[in-house]
Every structure is written in C-alpha cells, then in structure tokens.
Amino acid sequence: MLTFTLKRLLALVGTMLGVAILTFFISNIAPGDPARLVAGQNATEDMVETIRVEYGLDKPLLTQLSIYLGNLAQGDLGKSIVSTRDVTQELASRIPATLELVFCAMGLGIIFGVTLGVLSAVWRDSWFDQAVRIFSISGVAIPAFWLGILMQLYFSVHMGWLPVSGRFPLVMAPPESVTGFYLIDSLLEGSLTKFWTSLSYIILPAIVLSLPCLASILRVNRSEMIEVLQSDHIVAARAHGLSQWRVICYYALKNALIPTLAIIGLRFGWMLGSTVLVETVFDWPGLGLYAVSSALSSDFKPVIGVTLVITFFFVLINMIVDLAYAWVDPRLRSAK
Amino acid sequence: MTSILDVQDFSLDIDTFDGTLHVLRDISLTLERGDKFGIVGESGSGKSVLVRTMLGIGPSNARHVGGTMSFDGIDLTCLDAKGWRKVRGVRISMIFQDPMTYLNPLVAIGTQISDVIAAHRKAAGEDTGSKAERLKVAASLLTQVDIPDPERVLKQYAFQLSGGMRQRVLISMALAGQPDILIADEPTTALDVTVQAQVLDLINELAERLNLTVIFISHDIGAVATVATRCAVMRQGEIVEQGDILDVLSAPKHSYTRELLDAIPEFGSSEQAAETGAASEAPTDGPILSIKDLSKQFDIGGGKTVDAVKNVSFDVQQNEILGIVGESGSGKSTIARMVLRLIEPTNGNIIFQDRDVTAFSPAEMLAARKDMQMVFQNPHSALDGRHSIGDAIGEPLRLNTSISRYEREKRVDELLDIVQLPQLFKYRYPHELSGGQKQRVCIARSIALNPKLLVLDEPTSALDVSVQAKVLDFLKELQSEMNLTYLFISHDLAVVRALCDRCIVMRKGEIVENGMTEDIFRNPNQAYTQALIESGRKTSKDAAMQAAHAG
Amino acid sequence: MSQQDTSLERPGFRERHASQIRMWRLYIHTLRKSFTSMLGLVIVAFFLFLAAFGPQIAPYPEDAAGAIHMSQRLMPPSAEHWFGTDEMGADILSRIIVGARISLWIGLLITGIAALIGVPLGIIAGYRGGWTRAVIMRLTDLFLSVPGLVLALAIVASLGPGITNCVIALALVWWPGYVRLVEAKTLSVKEELFVESARSIGAKTPWILWHHILPNCLSPVIVKISLDIGMAILAAASLGFIGLGARPPSPEWGAMISVARSYMPDWWWYSFFPGMAIFLTVLGFNLLGDGLRDIFDPRSRDR
C-alpha cells in the first residue's frame, strides 16, 4: 500500500508540473502583443516597453517558461492588475470559502446519490424508481446558474426564508478563523447563532452546486447496482440463503462502488468548475467569483492562479479516489 | 412417504422480442430421499432453468403457466421471501459451473462462508453467534471438502485460489446449511480433466457421508454417469427420456438420446483408430512443418517471466492429422499461434515447406500465410459481429487476391457449398447463426485461399456435443478431399483419439509423449499421460456403462 | 457435396437485407418501449425543427437581430408576447426560437471537432500501445486534470470573449473525453479473437483499424456524441452567462440570462424562459442519448 501511495504522490507532482506548462502555453496563445495586453488600452509606447522588459516578455519562450516555473515553485503567481496585490495572497483568502462550499455540496451529493441509487435499484421500476430517475436526469440537464436564480427568487425573495447572496451578513462578525470554514469555526467558538447563520447562507448554493453531482452519482450507482444484482455471485449468495439487505448493502454495493467512485472523482472536477457559475449567482466570495471578475477585467494572472489551485485540488481528490479503489478492491492491492 | 421432490407437468414461458419462448414444457419427475438424479441436455434444453426455478432463482421474466413443483410437501411456486429463506441453502442447495464468477471477488472467503452460516441460523430462528465462532465452523467445513490449511484460505480472496479449490469452497458453502437436496449445475465443465475427476469423487463421497439427494446436471453424459443412478434427457424444454442410467445408456428409447450417445467419441475403442491408421501412408517427402527447439517466454511484469513453451521439437508430415493434447497451461495454444507467427517465438525455428518461417520479413510472412491458416476456438468471438457472413468469408480474398467483386462472390458461394451451408447465409450476420454454423463459416474462411496446412485450435470445444460430432466428421472429410494437413489442438482426449493419426502430449510447456495415437493410448510411457488418460476414462461414457453394469 | 443451382436469380432487396431490417425494427421497438427515450426524441426533433425553421416561424424575427422597441420594454407575458419582452422591447419568444439555431450550431461544432480529434487519437493510442500510447494518454490526462469550465474560462480569458473563441475553448476541453473512451474500447476490441483471425488471414494494421476496430467503437461514440451535444450547449450557455461567450445582441440563451439577472426579481420572466429553453434542450439530448445507449446494449438484443 505504501509504494502505491508514494507512486500516486509522485504522479501528482508530475501532473501539476504538466498543468503549469499547459497554463503557460494558454497564456501565450493570445493573439497580439502580450506586453500591450498587460499594459492595457491607454498605455504609451514607453510603458509597453517597460512592461515588456519587466515581465521578461522580450526573452525567448523557453526562458520565459523556466522563469515562470521557477516563480511557481516559490509560490509567486504574479500580481493582479486590478488590485495590484499578490495573486497568491488573494487566492489564500478565498480558498476556504470555495472549499467549504464544495465539501458541503460533495457531502450532499454522495450521501443522497448513493442512498437513492441503491434504493432505486432495489425497488426497480416502482413509482419511486421512476420519480428518482426523472429527478436524476433533470438534475444533470438543469443549468446551475438558472436553478440558482430560481431558488433565490423563491426561497429568498418570495418566501424570505433564506438570504439572497453572500457568505455572511455584513453586520455580524464572522467566526474566529481556525480552519477558515465558517460552519466548523462557529461551532469551535461555541456560537450557535453564527452556526445557523452560516448554514442559512451556505445551504442554497450548496444544494445548487450539488445537484448535477448528485444526479450523476445516483444514475451510475443505480445502473451499477442493477448490473451487479444480476451477476452470478449475487445469484449464488441468494441461493445460499443470505438475507436481502446483507446481500445488497455489503456484497452488491461493494462491487458497485468501484465505478461509482470513479464518477465521484470526475464529478468533483465538474463541481469545482461549476463554482465559477454558482459563486457568481450567489456572490460567494470564493475562487470562482475571483476568476470570473478577473477574466472580465482582462486581469489574467488571477485566472491562471485559480486554474492552478483548482486543478491541484482536483488531482488530489483523484489520488484519494485511487487509494480508495485499492482499499475496496483487494485485487488492486496485490497487483501494485 | 412423500417423495422429497415432486414435479408434475410443470411449464414455464418467457416473452421475447421474437415471440413467446416455451422454456419448460410439461416437465414431470419425482425424487425419493437419497436418489442421485442426473439431467443431461445441451444448451437451450432448459435444464438450468429447471433447477434454478427449484431454488427460486430462475429468470425473472419467466411466467409459470402450468403444473406443480413441490419439495417435501412445500409448494415451490408460491413461496415468498421469508419462505425462500427457510429453503435456500438450508433444505435445497446449489453449486455452479464457473466458480470464479460465482464467488464475490471483493469479499474474503471466510466472510462469505460465515455470512452463509449466519443466514441459515437466522432462518432457523437461532442466535447467529459471533463471527469468530462462525469462522471456526467455516474452517471445519473446508476440511470436510478436503481443502488443506483452511485458516489461510479463509483470509484469501477468490482470485488467489485455483479453479479446483474455488469449486470446493462453493461446495462447502452449499453444504453449510446441511441441506437435503444438493443441485450441481455443470460443476466440472470449467475445470481441467484431472481436477474434474477429483471433484466428482468428492461429490460422490459427500453424498454418501451426508445422505444427500443429488441432482446433477451436465451436457457431459460421462460426468453425469459417474454420479447419478437415474437420469433424464432434456431437449428444448422437454424431457424426452427418463429412467435408470443403465437403461438409458445401453438401450436408449428416444431418437435424440441415441443421437446424443452416438455423437460422443468413443474413448476406449480402437476401431476408428484402425481407420485413421490405414489412411496415413508412409511419408514420401519431407515433413511439411518442422518445429525445432521452439521456446516462448512471457513477461508478466515485475521482472518475472513465465516459460510457456520450452524447447519443443516435432515434425508434421504431409496429409496427416497431428494432435497436440494437454491441459490448460500446457502451451499447446501458444505453439499453434507461433506457427503462424501471431505470437513471436523467443527462440527456435519453424520450417514450413522447407523454408524457415521465423526468419521471414513481414511481406514474406504475408505470402506464406496463404498456405497456412488457422481455425480458432471460439466461433462466437472469432467472427466480427459487424460484418456479414459474406464479408467475413470474402475478407481473405480481398486481402490477398485482386479478383473482381463478382468473382469474389462466386468464390464465397463455392465455399459455402463446401461447408454445406445455404448460399443465402452470405447476407446474414453472425448473431443469427448457431455455434456449429458459425464454426463452419470460420472453416470456410480458412480454406478460402486453398492452404496446405490448417492449424485448428480446439475448434469444437465451444460447441454442443451433437454438433461437435458433425463438425469433426466434416473436418475429416474436408481433409481427405482437399489434401490438407492438420495440426489439431485439443484438451479432449476422446476427440484426439478419434481424429488424429499421431499425437503429442504436452505438459507445462514441454513435450511428454510423441507417437502414434493408438500406441500412446494403449501404452503410455509417462506417468502424466497415464494419469491424464485415467481421468479422461473415468469421466467417459464407457466407464459409466461399465460402472452401471457392475452396480 | 452438391452444387447449388447457380443460375438462381439474385434474392430480392428484402431477402438480402433481412438482417439489417430486423435490426432496425429491434432498435425502433426498444426505443419505443421507453417513455423517456421517446420523450427525448420528441424534444430533440422539436429543437431541430426550431433550429431549421426558426426565423420563419418566430412571430417577431427582427427582434432576434436586435430591433429596439423601447415603448414595449419589460412587459410581462401576454397574448402578443407569449414570453414577454426584454429591456430593449424585443420579443423574448422570438429571440429564444432564433437562439435555437445558434445553440445547435455551437453544440455540433464543439462535439464534432472534439470527436474528429479524439477518436483517431484514441484508436491509435489503443492499438499501437507503447510510447505512442503513453504520450497520447499523458497528454489526455493532463487536459482532463483541469476541470472543464475552469480550463475553458482560462482559454477564453486568454483569447478574448466571443462565440468563436468559446467554441474553440470548449472543443479543447471536450476532445480528451473521446480519446479516453475510444482508447479503452480499442484495448478490449484488440484482444478479440476476430482481430487475431484477421491478422492470420493477412490483414495489415490500417485494414484492421478501419474495418474491425472503428466499427466496433462506433456505438459508444454515437451515444457519447448525443449526450455531449446537450452538455456542450449547456457549457456554452454557462460561458455566455458569465459574459465570456456570445455578445449582445446575439440571442444566445446564456447571454440572455446574464443580462436578465440585473432585472431580477421584478421582471422574472426574462430569466425564466431562456433558462427553461436550455434545460429542455439539454434534457432532450440526455434522454435521447440514454435511449441510444439502451438500444446499443447487446443485452437488449436478446429480448
């Protein structure tokens, strides 16, 4: 198991390196003079030249690449044009917000997705199954931003139960920052009011973000369960008289979990991407909103920064999924 | 005293896209306690559906349209889940064909057995006990089926055990609840010959010791006969003949039973051998194929290699049928593929028609392939499902000749005639053909270019017994009509004895015996060959006849 | 062995194509059995109809191109304007109908380009193995490590907003999925006995790839394309919503919602209907794709 983990860690580093190179190339495919782009519309020729030298844009591509990678290794992601602050700093303050949102959404997605998938497979073709299937198919098709707007319209404006947007009311002080996660920090601080407030702010965006993921997990889990339930060893288990639920929850689910795990990994990636949309709709102060506002202002470095950070988390989760595979499937353990 | 199993006029239907399928039609049979009953039938006979329905695990879309099925007074056709839990594994138990797919790959053996024990105890209303205690019971069950070192096996997973061991584990799970009836659904078909004999012995011994009633299902009459005292022959959902095994084997009443018995190659007979012996004359020219010191090593990763074939040398004379016999892992299939260089040999030479094939460039190899062709084992996957039969047979012509499309069609028609299939088939697709028909198409494909040598890799193993016989007869005719030389690979000793002039016995990559088929079968030199022949004989029809006579 | 009478005339069309006819009947039968698949088919057919004849059937076609009727701005749904009007006074229904053509075009381009790049790469990677496969799969994995929308965002941010750049960015996000799918399928098809059989009768690699590997890869690719068209339309609309996709006055559905957002909550219909259009279109393609997957599943053949 240990060599397995080490190999995966090495792969992670390799992938990040590859992605860094990829982002470098993306930055450089823009048509036109990069120095002029950075300088903006109103820059004079002198300013453009200064910028060109300062950013090293007059050097050959390969040198630029090595400078870029070197900077990355030291954690230097450049400066934002709009705020003139270090991108790394701005990212750091926004990461916990996105992570908290994503973890909540992921949790909802996995718990409900797997449970509903199993139940739907067991009670196949019942009205429950039909309803769940319609729900899951719609869940993947529904545009996240549209759903978010509609939910705001109903729950916040029409019913007034929940706040419209943001992460925490401006009038209150957020919990003491220990983990950066408001839900946890408020409990650590012992303040139930802050906990409920944080919850009321996070619940709508978390539900909207989780829906496509939930739907996807549900579908895959359901179809895998159906397939496994027809397989020979389940037939044998039933022939030996094992009880229905033991067979389903342990024997069948264990087998069905493997492809489901793969989907969870993939969906996590799509969810990270969707934060761009959901954070925009709900004004959630995370990485996604940061990337969008920077992109709209042609502020490029923050966009790259967000890309790298989000990719890192995605690759990390995939590595964890791989390890989970090996834990579930003993065949992989002895092979690697 | 009520019979333990009573089936009267039982009928089952399944609705398919092409209409209603009468899977079981008016099945009637009765079993008394302690009976050993065999059911013989080919694929599609309904034998598996029948026994699975007895356990309530038949096809889910089947409709019960008539008749009764009762076990010890309990009506099996209207049991609910609770009722089944008292029957499955506890009163009626089943062991299956391929132990690999019937054991959960992700759960340890010990857990699986202990769960079965717990389920039985729960169904009987007892306390399930602790897992540790159940594992002890599991260990004793494994000892009962002659598994050495049961503690270690309990911790292992299915993929770490050999085929024979897996089957024993399944048997122990089936016996965990101390059932009255044991149903064995083709339990030995997926196993090697030597292991088959061991498992059959085990089943017999357990049946004696535990006073079991056994239902044994197989397409292999010989295997059925080693266990059963009475038997039924099924065909397309009906029982065509039923009775004591002695009567059915020696004096079959139904024409289908006779057909089935005739189709099985005689194991102990020497009549056919004399025929083939006469056919092969003394070779005048040199051998058409000469294998010298052929070896193949496979790299299985982690720096380890496995020697599939070790320094094998033999000759194949013109117009003879040379058989290569061995169990799985003997290297026989690898040799077949190396002859055509579908797999590259690690060492050694292959001399075909006095030219060294191993040294050929790809272009020369392409030309050489016209003269040697291969017929593959599994006709179901040897044909591309997306191509019509006409395309499949025409493919070698398209690749190697430049004849016009019209001429190609004519040649395809000719070939279909030679293999005795209607010309209309060239418009059909593989999934519409039966196994035997598909294999004929493969044969037509292989003779399209008029080869001199035909390598046949277990060409009939995947086919039903009655079809096998027809295909083998056809192959024999073909060989003499077209002056072909055959290299015939098989694990089935009876087939080899019936068809091949000379044969080679292989074991773990090495040649163990090489000589005229008859000589080897009557006077084997090596102990391994002896063991192989013994196991084969044990499960053959002849042994069954003798045993039935004696009993 | 008897010779059949070769002077028999060639069997008729129905006879020769009996197998294909039966296959199509089975497909249609399986599709018809599923309510959801039929629903998908109907929705997609309707969408295609709108895309084809949009400008002809829209009640106010000039509104789709950006006509301005300030006197009618932001009116709620009524008999003259079924979906109401936007802040320029343009009829929302007409804009949605004409927008269907843009969405279809976007969806087809993205999936088409992605498949054209991905499928050949996948087959080559799967069949050749070794270094070729390693390089192609590493590159594929690299692209797949960056979550789709984020990668598209970065590319569009670099290239500049607009529909063309949006399509390019999303095609770059989508092609690796095809490589993965086809490579896996090729790996398993490669091991089939009929490929070995083809090699034994003298087939060379290009022949095997074209005649045996590709046809066997087609079914999953077709299913994936059908599912992807919907998701590509959704992704393009998402980029439009952010403001990086289509520009006004183009009646692209995502861009419409982006503008509509500033008119929430009072003029809710402005965001509601375009979003509904996106939802139904994507739903239709998903349902159809699922239906296709069911009919191509070899197990359904035995029914």
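None of the figures in this text is laboratory data; all of them are computed from the coordinates on show. Predicted model only: the values in this text are computed from it and were never measured. Please note: Cβ atoms are built from the backbone with ideal geometry, for glycine as well, and neighbour counts cover all protein chains shown.
Under 20 Å from the Cα of B:Lys122, which aspartates and glutamates turn up, not counting those fewer than eight places away in the same chain?
Partners found: B:Asp80, B:Glu133, B:Asp180.
I'd like the FRET efficiency for B:Gln236 and B:Ser60, computed as 1/(1 + (r/R0)^6) with the beta carbon distance as r and R0 of 25 Å, rounded to 0.05.
It comes out at approximately 0.70.
In whole angstrom, note down how far apart the Cα centers of region A:279-313 and region A:208-271 are.
Answer, in whole Å: 35.
How big is the antiparallel share of DSSP beta bridges in the protein assembly as shown, given as a percent to the nearest 5?
On the way: 48 of 86 bridges.
Around 55 percent antiparallel, to the nearest 5.
Quick check for you: which residues of region C:256-299 have the amide N under 19 Å from the point 7 Å beyond the Cα of C:Ile57 toward its beta carbon?
Zone members listed by number: C:273-285.
For region A:67-186, divide the Cα radius of gyration by the Kirkwood radius and give the resulting Rg/Rh value with two decimals. Can you show the working numbers first?
On the way: Rg = 20.6 Å, Rh = 18.6 Å.
That ratio is 1.11, to two decimals.
Per DSSP H run of at least 4 residues, take -39500 (n - 2.57); add these up for the protein assembly as shown, divide by its residues and hand me the 222 nm value, nearest 500 deg cm²/dmol. Each step should come with its number before you reach the end.
Numbers: 50 runs with 687 residues, N = 1190.
Taking each H run of at least 4 residues, the total per residue is -18500 deg cm²/dmol.
Quick one: net charge around B:Ala62, please, counting Lys, Arg +1 and Asp, Glu -1 for every other residue with C-beta under 12 Å from its C-beta. Display every interim value, and only then the final one.
On the way: positive: B:Arg52, B:Arg63; negative: B:Asp13, B:Asp15.
Taking every other residue near B:Ala62 into account, the sum is 0.
Can you grab the distance from the C-alpha centre of region B:1-44 to the C-alpha centre of region B:310-343, Å, no decimals?
Answer, in whole Å: 43.
Given an 8 Å cut-off on Cα distances and at least 6 residues of separation, report the relative contact order of region C:160-303 as a percent.
It comes to 27 percent, rounded to a whole number.
If Lys and Arg each add +1 and Asp and Glu each add -1, what is the summed charge of the other residues whose beta carbon sits under 15 Å from the beta carbon of A:Ile248? If you can, show how the numbers build up before the last one.
Numbers: positive: A:Arg124, A:Arg222, A:Arg238, A:Arg246, A:Lys254, B:Arg85; negative: A:Asp129, A:Glu224, A:Glu227, B:Asp115.
Computed value for this residue: +2.
My understanding is that a pair violates if its Cα-Cα distance is over 23 Å; which of B:Lys296/B:Lys476; A:Lys7/B:Lys304; B:Lys292/B:Lys452 do that in this structure?
Numbers: B:Lys296/B:Lys476 31 Å; A:Lys7/B:Lys304 21 Å; B:Lys292/B:Lys452 20 Å.
Too far apart for the 23 Å limit: B:Lys296/B:Lys476.
What is chain B by shape, rounded, prolate or oblate, if you read a ≥ b ≥ c off the alpha carbon gyration tensor as root eigenvalues and call it rounded for a/c under 1.5, prolate for a/b larger than b/c, and oblate otherwise?
prolate
Could you sort out which of B:Lys426/C:Lys185; B:Lys36/B:Lys438; B:Lys310/B:Lys438 sit more than 30 Å apart by Cα distance in this structure? Can you show the working numbers first?
Details: B:Lys426/C:Lys185 28 Å; B:Lys36/B:Lys438 37 Å; B:Lys310/B:Lys438 34 Å.
Table pairs above 30 Å Cα-Cα are B:Lys36/B:Lys438; B:Lys310/B:Lys438.
How far is it, in nm, from the label point at A:Leu188 to the one at B:Thr30 when both lie 7 Å from their Cα along the line to the Cβ?
In this crude spin-label approximation the distance works out to 8.0 nm.
Considering only chain B, what is the antiparallel percent among its DSSP beta bridges, to the nearest 5? Write down the numbers at each step before the final one.
Details: 46 of 84 bridges.
The answer is about 55 percent antiparallel.
Mind checking which aspartates and glutamates have their Cα closer than 17 Å to the Cα of B:Lys253? Skip sequence neighbours fewer than 8 apart in that chain.
Leaving aside aspartates and glutamates fewer than 8 places away in the same chain, those within reach of B:Lys253 are B:Glu238, B:Glu241, B:Asp244, B:Asp262.
Once Rh is set to the Kirkwood radius over Cα pairs, what Stokes-Einstein translational diffusion coefficient, in µm²/s, holds for chain A at a temperature of 4 °C and a viscosity of 1.567 mPa s?
On the way: Rh = 22.8 Å.
The Stokes-Einstein estimate is 57 µm²/s.
A:Ala73 to A:Phe103: extension gain in nm, 0.36 nm per residue of separation minus the Cα-Cα distance?
Details: separation 30, 0.36 × 30 = 10.80 nm, distance 2.73 nm.
That pair, A:Ala73 and A:Phe103, stretches by 8.1 nm at full extension.
Give the aspartates and glutamates whose C-alpha is closer than 14 Å to that of A:Lys301, dropping any in the same chain fewer than 8 places away, or say none.
Reachable aspartates and glutamates: A:Asp76, A:Asp86, A:Glu90.
Taking N as the number of residues in the protein assembly as shown, what is its Cα Rg relative to 2.2 N^0.38 Å? List each step's numbers first, then the result.
Details: Rg = 35.2 Å, N = 1190, 2.2 N^0.38 = 32.4 Å.
Output field value: 1.09.
Tell me, what is the Rg over Rh of region B:13-111, with Rh the Kirkwood radius over Cα pairs? Can you show the working numbers first?
On the way: Rg = 15.4 Å, Rh = 15.7 Å.
Rounded to two decimals, Rg over Rh is 0.98.
Let me have the relative contact order for region B:126-187, percent, based on Cα pairs under 8 Å that are six or more residues apart.
Numbers: 26 pairs, mean separation 19.7, N = 62.
In percent, rounded to a whole number, it is 32.
Tell me, what is the FRET efficiency for B:Ser162 and B:Asn349 to the nearest 0.05, using R0 = 45 angstrom and their Cβ-Cβ distance as r? Write down the numbers at each step before the final one.
Working: r = 35 Å, r/R0 = 0.78.
My answer for the efficiency is 0.80.
Once each part is reduced to its C-alpha centroid, what is the distance from region A:92-150 to region B:353-374 in angstrom?
60 Å
How much net charge surrounds B:Ile489 when only the other residues with a Cβ under 11 Å from the Cβ of B:Ile489 are counted, with Lys and Arg +1 and Asp and Glu -1? Present the calculation step by step, with values, prior to reporting the outcome.
Numbers: positive: B:Lys332, B:Arg337; negative: B:Asp457, B:Glu458, B:Asp492.
Within the 11 Å Cβ shell, the charges total -1.
What percent does the relative contact order of chain B come to when contacts are Cα pairs within less than 8 Å and at least six residues apart?
Working: 1021 pairs, mean separation 85.6, N = 551.
Worked out over chain B, it gives 16 percent.
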